[in-house]
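Inspection log for the structure reproduced underneath, given as structure tokens.
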Amino acid sequence: MPVTHAPAPADVLRRQDPELADILLGELDRQSTTLQLIAAENFTSPAVLAALGSVLANKYAEGYPGARHHGGCEIVDVAERLAVERARALFGAEHANVQSHSGSSAVLAAYAALLRPGDTVLALGLPYGGHLTHGSPANFSGRWFDFVGYGVDAETGLIDYDQVRTLARSHRPKAIVCGSIAYPRHIDYALFREVADEVGAYLIADAAHPIGLVAGGAAPSPVPYADIVCATTHKVLRGPRGGMLLCGSELAERVDRAVFPFTQGGAQMHTIAAKAVAFGEAATPAFAAYAHQVVANAKVLAAGLAAEGLVVTTGGTDTHLITADPAPLGVDGRTARGRLSAAGMVLDCCALPHADARGLRLGTAAVTTQGMGEKEMSHIAALFAHVLRGEVESQKARDQVRELAGRFQPYPG
Ligand SMILES: *Cc1c(COP(=O)(O)O)cnc(C)c1O
């Protein structure tokens, strides 16, 4: 049975399967008593969770509204049309496909729409923050396409746009991908467009991370520049786990056919309904204020970490995302992540442009949804440093984190 009341497990689940209900409550407790600093995470609203746990989960709906391979789609067609219309309006895109099951499937569909196996693709190298779908040998992308990687400047941490141009001229890629899992600065989409045009390449923007900031007007939009924009709906955008694609009318049919039937079967209508809810929320002034606060918080947190001695990549951030090297505090990234996690501060490790050792990657999307502001960011930076320097016992830090989180409940009541 679907969970109908979010976020607490429905009474029916508690009665029928207390074992599983306890697991959900345990995770709710974990999320409510620790700090979610993973840059890709957020707290969806109860309305989004309600759509996810609805009877739309029962419906098979292969195809697109008005052209399904199953009967009984007249209601879910309305839901998908609504999601598409809201996405188009939110991002000013001629076409939106909201069916991709994840960010990775959206990227797969973008490649399927524009490329043939064996084509050359220029993307940010994985050691510099490229995603697995940007040419990892462990991923379909690395096996089916010939990826060439550009990098970031070792000193500044900024994308080396001169290198992008040089590599584009020498390799003549069929597509150029811009977008990253760990780049804290705005991307110069106009410049990427210029290079793509110069060498006759498609431009694919994988905006999985910043798309929520774009929705709230807190980051530049790739939509006017990229042939296809791929994105997730669950990061700063604060919707359900899933992906989407935006493009101009001329590529609409190719993109739709690349998603279904080329890479996916039935659409997940409960997720698509939840995406519609999230797009509706993201179109409000409250969400714009949220997106700007996410960035303001990240700037304060980055400055706080730098003041405590961590080396913040690029010297700061334009977005929700920060990467930093804790080495000056005497710990490597992995050790740091372990200590912070024991204290209830949950975040990731990542590659660093200037060092072989791993660094830390964190973001402010989730803590900002909880209502935390600049003051709390300074507090978190101080807690970080205390924990990394070993100035405070792990249990004491854990108590302080619990106290802070307790004041900003993601799901009050
Ligand atoms: C998160 C992310 C993805 C993948 O999203 P999933 O939903 O985890 O598949 C792809 N590309 C980039 C740049 C990302 O940040």
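Taking the stretch 278-303 as the range and being under 22 Å from Ala83 (Cα atoms), crowded, with 22+ Cβ neighbours inside 10 Å and of a type in the set (Gly, Ala, Ser) as the test, the residues that pass are Ala278, Ala282, Ala291. What do you reckon, is Val98 in the same structural domain as Val78 (by TED's automatic domain parsing) and either out of contact with any Ser or Thr (no Cβ under 7 Å at 6 or more places or on another chain) or farther than 14 Å from Val229 by Cα (or both)? Criteria met by Val98. Only one entry of Val84, Val48 meets the criterion of being touching a strand residue (DSSP E or B) at 6+ places or on another chain (Cβ under 7 Å) and within 26 Å of Val223 (Cβ to Cβ), and that entry is Val84.
Restricting the stretch 304-318 to residues that are in a loop (DSSP other than H, G, I, E, B) and out of contact with any helix residue (DSSP H, G or I) (no Cβ under 6 Å at 6 or more places or on another chain), the residue that is surrounded by the most Cβ atoms within 10 Å (Cβ to Cβ) is Leu310. So which residues in the stretch 78-100 are in contact with a Lys or Arg (Cβ under 9 Å, 6 or more places away or on another chain) and surrounded by fewer than 18 Cβ atoms within 10 Å (Cβ to Cβ), if there are any at all? Across the stretch 78-100, the qualifying residue is only Glu94. Any residue at all in the stretch 393-403 that's among the hydrophobic types (A, V, I, L, M, F, W, C), outside the structural domain of Thr232 (by TED's automatic domain parsing) and assigned to a loop (DSSP other than H, G, I, E, B)? Within the stretch 393-403, not a single residue is among the hydrophobic types (A, V, I, L, M, F, W, C), outside the structural domain of Thr232 (by TED's automatic domain parsing) and assigned to a loop (DSSP other than H, G, I, E, B). Checked against the criteria, Val107 does not count as crowded, with 22+ Cβ neighbours inside 10 Å, in the same structural domain as Tyr189 (by TED's automatic domain parsing) and more than 30 Å from Glu198 (Cβ to Cβ). Do we have any residue at all in the stretch 237-248 that's more than 16 Å from the ligand (Cβ to nearest atom), without any contact (Cβ under 8 Å) to a residue 60 or more places away in the chain and surrounded by fewer than 24 Cβ atoms within 10 Å (Cβ to Cβ)? No; the residues of the stretch 237-248 include none that is more than 16 Å from the ligand (Cβ to nearest atom), without any contact (Cβ under 8 Å) to a residue 60 or more places away in the chain and surrounded by fewer than 24 Cβ atoms within 10 Å (Cβ to Cβ).
Taking helices (runs of 4 or more DSSP H) as the structural unit, those lying wholly within the stretch 160-237 and holding at least 2 residues that are touching a helix residue (DSSP H, G or I) at 6+ places or on another chain (Cβ under 6 Å) and within 29 Å of Thr284 (Cβ to Cβ) correspond to 211-215. Of all the listed residues (Leu20, Leu24, Leu35, Leu82), the sole one being free of Cβ contacts under 8 Å to residues at least 12 places away in the same chain and in contact with a helix residue (DSSP H, G or I) (Cβ under 8 Å, 6 or more places away or on another chain) is Leu20.
Considering only the stretch 27-48, I want to know if a residue exists there that is more than 26 Å from the chain's Cα centre (by Cα), modelled with pLDDT of 90 or more and more than 29 Å from Ser104 (Cα to Cα). Checking the stretch 27-48: not a single residue is more than 26 Å from the chain's Cα centre (by Cα), modelled with pLDDT of 90 or more and more than 29 Å from Ser104 (Cα to Cα).
Residue count for the stretch 186-221, restricted to those that are surrounded by 22 or more Cβ atoms within 10 Å (Cβ to Cβ) and of a type in the set (Asp, Glu): 1.
Pairs are defined by a Cβ separation below 9 Å, a sequence spacing of at least 6 or placement on different chains, a first member in the stretch 176-187 that is at positive phi, and a second member that is within 11 Å of the ligand (Cβ to nearest atom) and not hydrophobic (A, V, I, L, M, F, W, C); the pairs so defined are Gly179/Gly130; Gly179/His131; Gly179/His134; Gly179/Asp206; Gly179/His209; Gly179/Pro210. Within the stretch 12-65, if we keep just the residues that are in a helix (DSSP H, G or I) and polar (S, T, N, Q), the residue that is farthest from Gly265 (Cα to Cα) turns out to be Thr33. Taking the numbered list (1) within 19 Å of Val199 (Cα to Cα); (2) away from the ligand (no atom under 16 Å from the Cβ); (3) of a type in the set (A, V, I, L, M, F, W, C) in turn, Leu82 passes all entries but (1).
Residues are listed down the side, and each one gets a yes or a no for (1) out of contact with any Phe, Trp or Tyr (no Cβ under 7 Å at 6 or more places or on another chain); (2) under 23 Å from Tyr60 (Cα atoms):
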{"site": "Pro210", "(1), (2)": "yes, no"}
{"site": "Leu245", "(1), (2)": "yes, yes"}
{"site": "Glu253", "(1), (2)": "yes, yes"}
{"site": "Phe262", "(1), (2)": "yes, yes"}
{"site": "Ala278", "(1), (2)": "yes, yes"}
{"site": "Glu281", "(1), (2)": "no, no"}
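Taking the listed residues Ala219, Ala205, Ala231, Ala182, the one that is touching a Pro at 6+ places or on another chain (Cβ under 7 Å), within 11 Å of the ligand (Cβ to nearest atom) and closer than 27 Å to Thr156 by Cα is Ala205, with no other qualifying.
The values are calculated or read from the model by the stated rules, or taken from the named source; none is laboratory data. Bear in mind the structure is a predicted one, so any value in this text is a computation, not a measurement. Neighbour counts are summed over all protein chains in view; Cβ atoms, including those assigned to glycine, are modelled from backbone coordinates with ideal geometry.
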